[in-house]
Structures are given as structure tokens and as C-alpha cells.
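**Student:** What follows is a single structure, and I will ask about it in a moment.
The values are calculated or read from the model by the stated rules, or taken from the named source; none is laboratory data. Source: prediction; values computed, not measured. A quick note on method: Cβ atoms are made from the backbone with ideal geometry, for glycine too, and the neighbour counts reach across all protein chains shown.
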Amino acid sequence: MDLSEENFAQAPAFYPLVGLLIGGIGAVGYAIGHMIEGPAIGALIALGATLMATGAFHEDGLADLFDGLGAQTKERMLEVMRDSRLGTFGAVSLFVVLGLKIVSLSALAPLVALAALPLAQGLSRMSAVLVIATSTYSRSEGTAKPVAKGISRSALLIGSFTSIASLAAFGFWFSAELVLVSLAGLGVGHVLTRLLFERKLGGYTGDCLGAVQQVSELGIYLAIAAWL
């Protein structure tokens, strides 16, 4: 089946739902690993499961963004980010972010970790949707070109509803305080990542969306671990 540009433009409406499903895969991996050897192995297998489910798509965007940050001009930054080779900054960013995910997840109580995985995967994709809705696309062509004009109000509402529903479920099982903590971690990750690329690019690229997703997800894990 051939998909039109309009189909791709509506896709962000379902990013949070896809994130919940990917987080569910990670939760299954965590449960298996925890039964085998405890929380550390659970966190490691959970991370591996989500990487396999997405093909490390967002992690690639994170690495490309950090490689590009070393460039002096917008044009050079866009060129570096398009290069498929992994540079030093990109490798270090992956090592730090993936390592912190494992450490923070392994520090959580098992039930909290199982719930945090789908929550963080879903909300972090809503974080990327908010970039699409509030920023501008910086390339003339690329993977995020179909959403270069932003997203429709209906798509934003669908994504928001999914995110609110996941937060409500998380708060029901745990507490309203933990919901607020998760949102705080999400917000910090979102803002910090946007500060990195918008000051140079004046907007975003597909790689930037991947980076926002990754750092926002990490922000949720770290915030929950710090609170508990």
C-alpha cells in the first residue's frame, strides 16, 4: 500500500501510542531479565528490546545531533548530521544516555520500572510531537519533511489524549506526585535538548526529533529514580 504525504503528516498523532507499545515490549524484556538475574539485567534487556523494536532509530538521531554540534555554522552542522558515520561526540552521547538509562531503570522498584517504560516511551514521543507543533523544519528535504508545515489540530489532540490517558493510568497505580515528577523530568529533557539545536539551526530536523525523544525519555527515568 502506497502512503501519501498526507498520511505521513498525520503520523505524529500516533507517536505516543507507538511509544506505549514499544515501552510494553521493553517492560516484557525487563520482566524476563529481572526473573533471570535482578533489576540490572532487567534494565539491560529492556533497553535491548526497545533498541531492536525501533532499529535504534532515535538513538541514531541523538548521535547525529551531537556530532553536528561541533560544527561552526548551520550549513556545516546540517552536513555533518547527514553523514552516516559516527563521530566522537555522537559515540559519547550514546554511551552516556544509554548508560544512564540502565542505571536509572535498575534503581527503580520492579513495578515502578515496568510502568515507567511504556510511560516514558510514550511521553517522550509526545515531546517530539511538541517540537513539530511549535518549531520549524530546517532542511529543504529529509525524513521529517512531511511534517515540515507542522501538524493538524486533530493530530495534536489525539497525541495529547493518549499521553494524558497514560499519565492518568500511571497516577492511578502510583501517585499524583509521581506524575508531576515524571512531567518535570520530561520538561527538563525537552527544553535542554531544544536549547542545543534551535540556537544553531533556528528549527529542527529529523535527527533533532530523535534526540528530543531520547533525552526526554531519560529525563523521566532520572526524575522518578531521584524522587524515589
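**Student:** Give the residue that is modelled with the lowest pLDDT, with candidates limited to residues of the stretch 176-228 that are assigned to a loop (DSSP other than H, G, I, E, B) and surrounded by fewer than 24 Cβ atoms within 10 Å (Cβ to Cβ). I'd like the intermediate steps shown before the answer.
**Tutor:** Initially, the stretch 176-228 is screened for residues assigned to a loop (DSSP other than H, G, I, E, B), giving 202-203, 205, 228.
From the residues that got through so far, the ones that are surrounded by fewer than 24 Cβ atoms within 10 Å (Cβ to Cβ) too are 202-203, 228.
Values: 202: 90, 203: 93, 228: 81.
This residue is 228.
**Student:** While we're on this one: Could you say whether any residue in the stretch 51-74 is basic (Lys, Arg) and under 18 Å from the mean Cα position of the chain (by Cα)? So that I can check it myself, show each step before the final result.
**Tutor:** As a first pass, look at the stretch 51-74 and keep what is basic (Lys, Arg): 74.
Narrowing the set further to residues that are under 18 Å from the mean Cα position of the chain (by Cα) leaves none.
Among the residues of the stretch 51-74, not one is basic (Lys, Arg) and under 18 Å from the mean Cα position of the chain (by Cα), which makes the answer no.
**Student:** Listed residues 92, 112; which is more than 30 Å from residue 173 (Cα to Cα) and either among the β-branched types (Val, Ile, Thr) or at pLDDT 95 or above (or both)? Even if it seems obvious, please write down each step before you answer.
**Tutor:** On the way: 112 fails: more than 30 Å from residue 173 (Cα to Cα).
After applying the criteria, what remains is 92.
**Student:** So which pairs qualify, if the first residue must be in the stretch 66-85 and exposed (fewer than 13 other Cβ atoms within 10 Å of the Cβ), the second must be outside any loop (DSSP other than H, G, I, E, B), the Cβ gap must be under 9 Å, and the two must be at least 6 apart or on different chains?
**Tutor:** Taking only residues 6 or more apart or on different chains, the pairs are 73/200; 79/68; 83/64; 83/67; 83/68; 84/60; 84/64; 85/67.
**Student:** If you don't mind, another one. Can you tell which of 93, 104, 127 is more than 14 Å from residue 27 (Cα to Cα) and touching a His at 6+ places or on another chain (Cβ under 6 Å)? First the steps, then the outcome.
**Tutor:** On the way: 93 fails: touching a His at 6+ places or on another chain (Cβ under 6 Å); 104 fails: touching a His at 6+ places or on another chain (Cβ under 6 Å).
Exactly one of 93, 104, 127 is more than 14 Å from residue 27 (Cα to Cα) and touching a His at 6+ places or on another chain (Cβ under 6 Å), namely 127.
**Student:** Kindly indicate which of 46, 63 is farther than 24 Å from residue 119 by Cβ and crowded, with 22+ Cβ neighbours inside 10 Å. Full working, then the answer.
**Tutor:** Working: 46 fails: farther than 24 Å from residue 119 by Cβ.
Just a single option satisfies the conditions, and that option is 63.
**Student:** Exactly one of (1) surrounded by fewer than 20 Cβ atoms within 10 Å (Cβ to Cβ); (2) touching a helix residue (DSSP H, G or I) at 6+ places or on another chain (Cβ under 7 Å); (3) of a type in the set (Gly, Ala, Ser) is unmet by residue 115. Its number?
**Tutor:** Of the numbered conditions (1) surrounded by fewer than 20 Cβ atoms within 10 Å (Cβ to Cβ); (2) touching a helix residue (DSSP H, G or I) at 6+ places or on another chain (Cβ under 7 Å); (3) of a type in the set (Gly, Ala, Ser), the odd one out for residue 115 is (1).
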